[in-house]
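Everything below concerns the one structure shown next.
The values are calculated or read from the model by the stated rules, or taken from the named source; none is laboratory data. As the structure is a prediction and not an experimental result, all values here were calculated from the model. All Cβ positions, glycine included, derive from the backbone under ideal geometry; neighbour counts span all protein chains shown. Just so you know, the surface numbers come from the protein's heavy atoms only, side chains and all, with ligands and any DNA or RNA stripped out. Shrake-Rupley method; radii C 1.70, N 1.55, O 1.52, S 1.80 Å.
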Amino acid sequence: MGIKVTKFGGSSLADEKQFEKVKAIIEADPERRYVVPSAPGKRFSDDIKITDMLYACYDKAKHGEDFEAEFALIEKRYNDIIAGLGLSISLDKEFEEIKIAMKARMGRMYAASRGEYLNGKILAEYLGYEFIDAAEVIFFDENGKYAAEHTEYILSERLKNVERAVIPGFYGISANDTIKTFSRGGSDITGAIVAKAANADLYENWTDVSGFLCADPRIVKNPRPIGVITYRELRELSYMGATVLHEEAIFPVKSAGIPINIRNTNRPEDAGTMIVASVSGHIEEENSNVITGIAGKKNFSVICLEKDRMNEEVGFGRRVLEVLERHKICFEHLPSGIDTMSVVVEDKLIMDCKDELIADLYEETQADSIDIESGIALIAVAGHGMKNMKGTAAKIFTSLAAANINIRMIDQGSSELNIIIGVNNDDFEESIRTIYAAFEGWNA
């Protein structure tokens, strides 16, 4: 029998009705042996996530304020789920331990992690699976960095002796024996870690959408769903704003060659999106799409340096980047020409130091001119089919020109996996709609 690791997000486990859907999904496939739950999410639009409720309680505890009323609402959420599922489990002992720990100021990470911990306890009882506390099998080193090798060894050894288990997402244990969490949405990462340790055949990530879409549905009406996407394409799109999956969740399973399947808990009949190392062997119509997806972000600045014979000057680029490093500024892209070098950074990173930054760059490089243009939006057009289709870039630029949209910057790597276009912030949404319309139905 194969092994599938299933991770369920907060919306998938928000109440007892969602728990029932999750159990039906798991029991529909005996290969779904290891389950990673998030904390209960919103039940309706104005609801509050359990994690946010725990943060609020801890903030009150830290200031010596009474938080009993707020914590009672957390207890009610969990007890309502337990009662709705007809379970006999009691979390009263755990509730008391959490309140004592909050009063002792055990930390915000500890407080936040209890949402997954408690949900994991309930889900394990409901499924009849063994409960494995993530603090026993997921480790961080003394620098707060995820300890991959140690975790993989301990967790894989533990899973060898457990046929079916629930492992809460989002947290682990640090080198000083305190609870440490991944960044927000980190249950995705836990799921990937468990999948690698279990040597799973597939990592299923169940959420409230049926996989990735070719573009943001808030910008493009009814965008095409993505059936198959590569890890590299997903990295490009996730970095540029696509948020279905935590981008750090890719790495554990990518190194092990384990595919990820994004599925919809509320529509389990939908195939969702398959994330793979290579599209080779997957259905032909998926291979035929020239572009896989379009995503982007606003509010960037382009620092443009001009200097005659820049290309003959050894170390010019290094000096530019050293100035940025001194100002603690990360760069996004480095499009350049023979006598020009452009550095793309986030607006917010240079907002308070533009004059000083320009002065330092002049001093280090003796550039002929330095200009900074702000208010730029970056759009990534990604697709494994782009390198095999002539005229892809021309189609992008022609469609934008026809829509009277001025292109401020172009950057394309040698891999031909993606093209980055810079436009004015005001043209961001219309640019995405225009590019999408140009490529919809244009297949290789």
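At-a-glance table
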| quantity | calculated |
| --- | --- |
| Check on Asp59, surrounded by fewer than 17 Cβ atoms within 10 Å (Cβ to Cβ), touching a strand residue (DSSP E or B) at 6+ places or on another chain (Cβ under 9 Å) and not β-branched (Val, Ile, Thr) | no |
| Extreme residue, nearest to the chain's Cα centre (by Cα), among residues of region 22-38 that are crowded, with 18+ Cβ neighbours inside 10 Å and more than 13 Å from Leu202 (Cβ to Cβ) | Ser38 |
| Set Phe95, Phe8, Phe19, Phe67: member being modelled with pLDDT of 95 or more, buried (at least 17 other Cβ atoms within 10 Å of the Cβ) and farther than 27 Å from Val137 by Cβ | Phe67 |
| Residue within region 149-158 that is surrounded by fewer than 14 Cβ atoms within 10 Å (Cβ to Cβ) and part of a loop (DSSP other than H, G, I, E, B) present | no |
| Where Pro223 falls short, out of the listed (1) outside any loop (DSSP other than H, G, I, E, B); (2) touching a Cys at 6+ places or on another chain (Cβ under 8 Å) | (1) |
| Residue list for region 298-335, filter: assigned to a strand (DSSP E or B) and within 30 Å of Asp216 (Cα to Cα) | Lys298, Asn299, Phe300, Ser301, Val302, Ile303, His333 |
| Contacts under 8 angstrom Cβ, first residue in region 382-401 being hydroxyl-bearing (Ser, Thr, Tyr) and open to solvent by 60 Å² or more (accessible area, probe 1.4 Å), partner in a helix (DSSP H, G or I) and at pLDDT 85 or above, 6 or more apart | Thr398/Ala438 |
| Leading residue by the ranking (farthest from the chain's Cα centre (by Cα)) among those in region 183-199 that are modelled with pLDDT of 95 or more and open to solvent by 20 Å² or more (accessible area, probe 1.4 Å) | Asn199 |
| First in region 358-379 and without any contact (Cβ under 8 Å) to a residue 40 or more places away in the chain, second anywhere and open to solvent by less than 60 Å² (accessible area, probe 1.4 Å) and part of a helix (DSSP H, G or I), Cβ under 7 Å, 6 or more apart | Asp360/Val323 |
| Test for Ile25: is it touching a residue at least 60 places away in the same chain (Cβ under 8 Å) and more than 21 Å from His246 (Cα to Cα) | yes |
| Top-ranked residue in region 235-270 [being part of a helix (DSSP H, G or I) and modelled with pLDDT under 80; ranked as surrounded by the fewest Cβ atoms within 10 Å (Cβ to Cβ)] | Tyr239 |
| Residue, nearest to Ser238 (Cα to Cα), within region 278-306, restricted to residues that are at pLDDT 85 or above and open to solvent by 60 Å² or more (accessible area, probe 1.4 Å) | Lys297 |
| Hits in region 65-88 - residues which are touching a residue at least 60 places away in the same chain (Cβ under 8 Å) and either touching a Cys at 6+ places or on another chain (Cβ under 6 Å) or outside any helix (DSSP H, G or I) (or both) | Leu85 |
| Inter-residue pairs, beta-carbon under 9 Å, first free of Cβ contacts under 8 Å to residues at least 24 places away in the same chain and in region 216-227, second in a loop (DSSP other than H, G, I, E, B) and not hydroxyl-bearing (Ser, Thr, Tyr), 6+ apart | Pro217/Pro223 |
| Among residues of region 102-114, those that are open to solvent by less than 10 Å² (accessible area, probe 1.4 Å) and closer than 14 Å to Gly64 by Cα, counted | 1 |
| Qualifying positions in region 162-182 - open to solvent by less than 40 Å² (accessible area, probe 1.4 Å) and either closer than 21 Å to Leu13 by Cα or outside any loop (DSSP other than H, G, I, E, B) (or both) | Ala165, Val166, Ile167, Pro168, Gly169, Phe170, Tyr171, Gly172, Ile173, Ile179, Thr181, Phe182 |
| Of the criteria (1) of a type in the set (D, E, K, R); (2) touching a helix residue (DSSP H, G or I) at 6+ places or on another chain (Cβ under 8 Å); (3) closer than 12 Å to Cys304 by Cα, which one Glu322 fails | (3) |
| Whichever residue in region 115-126 is touching an Asp or Glu at 6+ places or on another chain (Cβ under 8 Å) and either open to solvent by 20 Å² or more (accessible area, probe 1.4 Å) or of a type in the set (Asp, Glu) (or both) and, among such residues, is farthest from Glu152 (Cα to Cα) | Lys121 |
